[in-house]
Amino acid sequence: MAGHAKLSPSSAERWMTCPGSVALSEGYADSSSAAADEGTAAHELAERILLGAKGDELVGLRAQNGIEWTSDMLQDVLRYTSSVQALVGAVGGALMVEQRLPISEWTGEADAHGTADAVILAGTELIVADLKFGRGVVVDADENKQLRIYALAALREFEFVGGPFEQVRIIISQPRLGAWSEWTCTVAELEAFGDEVKAAAAAASAPDAPLAPSAKGCKWCKAAGDCPALKAEVLDMFDNVKPDDILLDGDTLGD
């Protein structure tokens, strides 16, 4: 995201579910991790390959963030790039790689943008594909908020170039988990989701934006440790847990 937008597509699951998390997260420093850095390098490798570079010639070189491209990373990335290339060939579409897309229309933030890994214009179908390089939880394309925001922006960006579009397909590839997930909707359904995004963005901008803890929303929230709503929910859960005549020592409780 350009300019570190508060309402980024990648965190849409959080701020659309919990509008108050936006204000609560202000002041927390952005941080990275080895896994995130590896994912950034993998995306750069995928971009180069989709733009025509030969993967074997890139092994041993380093991404812009300093991470070395290894043969193992290449094999994982090729599972994604080969599938995208095969899809482009099958639908006969035009491929845009690492496509920067304006999202201000829905989030209300000036000059806010998101970057889609791959956008394919295939006649009446608009396809948005995303590479997830992690080894953790499988991410489902079904009604995925991040990818639907990318699709909204791509629809607006290319509605006078391709189409007219009638269907939108969202794809998430997780090569290291052997996962490939697809979900489709009509353009009308996507536009209706756009109204939901606008409403959530407006709620997040309100001074009394509510906090609404959830499993998905709290997982990557920087302010989760200081969230009063999450604390209250956890304490309420413990208030309703009544062990029957079981004496637990500290180590057991810790486990």
> In debye, nearest 20: dipole of the chain around its Cα centre with unit charges on the Cβ of K, R (+) and D, E (-)?
Replying inline: 580 debye
>> Report the Cα centroid-to-centroid distance between region 1-76 and region 107-183 in angstrom, as an integer.
In response: 16 Å
> So how tilted is helix 187-205 from the main axis of the chain? Cα-based, degrees 0 to 90, rounded to 10.
Replying inline: 40 degrees
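In whole percent, how big is the carbon plus sulfur part of the accessible area of the chain, probe 1.4 Å, protein atoms only?
On the way: 7130 of 13720 Å².
The value for the chain is 52 percent carbon and sulfur by accessible area.
Charges only on Cβ, +1 for Lys and Arg, -1 for Asp and Glu: so what's the dipole of region 1-67 about the Cα centre, in debye to the nearest 20? List each step's numbers first, then the result.
Numbers: 5 positive and 9 negative charges, 26 e Å.
Charge dipole of region 1-67: 120 debye, to the nearest 20.
Mind checking the per residue accessible area of region 9-78 for me, 1.4 Å probe, whole number of Å²? Mind showing how you got there, number by number?
Details: 3640 Å² over 70 residues.
That works out to 52 Å² for each residue.
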>> Taking just the alpha carbons, could you work out the radius of gyration and Dmax for region 7-155, both in angstroms?
In response: 16.5, 47
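Averaged per residue, what accessible surface does region 100-145 expose to a 1.4 Å probe, in Å²? All intermediate terms of the calculation are to be shown ahead of the outcome.
On the way: 1810 Å² over 46 residues.
Per-residue accessible area for region 100-145 comes out at 39 Å².
What order do you get for 34-41, 173-180 when each peptide is scored by the mean count of other beta carbon atoms within 10 Å, highest first? Intermediate values should be presented prior to the final figure.
Working: 34-41: 15.0, 173-180: 17.6.
Sorting 34-41, 173-180 by mean packing, highest first, produces 173-180, 34-41.
What area, in nm² and to one decimal, does the C-alpha convex hull of region 60-113 cast on average over all directions? All intermediate terms of the calculation are to be shown ahead of the outcome.
Working: hull surface 24.1 nm².
Taking the Cα atoms of region 60-113, their convex hull projects to 6.0 nm² on average.
Roughly what % of Cα-Cα distances in region 122-230 sit above 23 Å, to the whole percent? Please list the in-between numbers first.
Working: 2496 of 5886 pairs.
Tail of the P(r) past 23 Å holds 42 percent of the pairs.
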> If you count, for each residue, the other Cβ atoms within 10 Å and average over each peptide, how do 17-26, 61-70, 46-55 line up from highest to lowest?
Replying inline: 17-26, 46-55, 61-70
> Pairing the Cα long axis of helix 34-50 with the longest principal axis of the chain, what angle in degrees results, from 0 to 90 and rounded to the nearest 10?
Replying inline: 20 degrees
> Considering the dipole of the chain built from charges on the beta carbon (Lys and Arg +1, Asp and Glu -1) around the Cα centre, which of 19, 160, 141 is farthest to its positive end?
Replying inline: 160
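So how do 237, 16 rank on accessible area, 1.4 Å probe, biggest first, that is with the largest at the start? Mind showing how you got there, number by number?
Values: 237 115, 16 30 Å².
Putting 237, 16 in descending order of accessible area: 237, 16.
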> Roughly how many Å² is the accessible area per residue of region 172-219, as a whole number, for a 1.4 Å probe?
Replying inline: 51 Å²
>> Run the helix sum for the chain: -39,500 (n - 2.57) per DSSP H stretch of 4+ residues, divided by residue count, reported at 222 nm to the nearest 500 deg cm²/dmol.
In response: -12500 deg cm²/dmol
> In whole Å, what are the Cα extents of the chain along the three principal axes, biggest one first?
Replying inline: 66, 42, 34
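The values are calculated or read from the model by the stated rules, or taken from the named source; none is laboratory data. Only a predicted model underlies this, so the values are computations on that prediction, with no experimental measurement involved. Backbone-built Cβ (ideal geometry, glycine too); neighbour counts: all protein chains shown. Areas reflect the complete protein model, heavy atoms only, side chains present, ligands, DNA and RNA absent. Shrake-Rupley method; radii C 1.70, N 1.55, O 1.52, S 1.80 Å.
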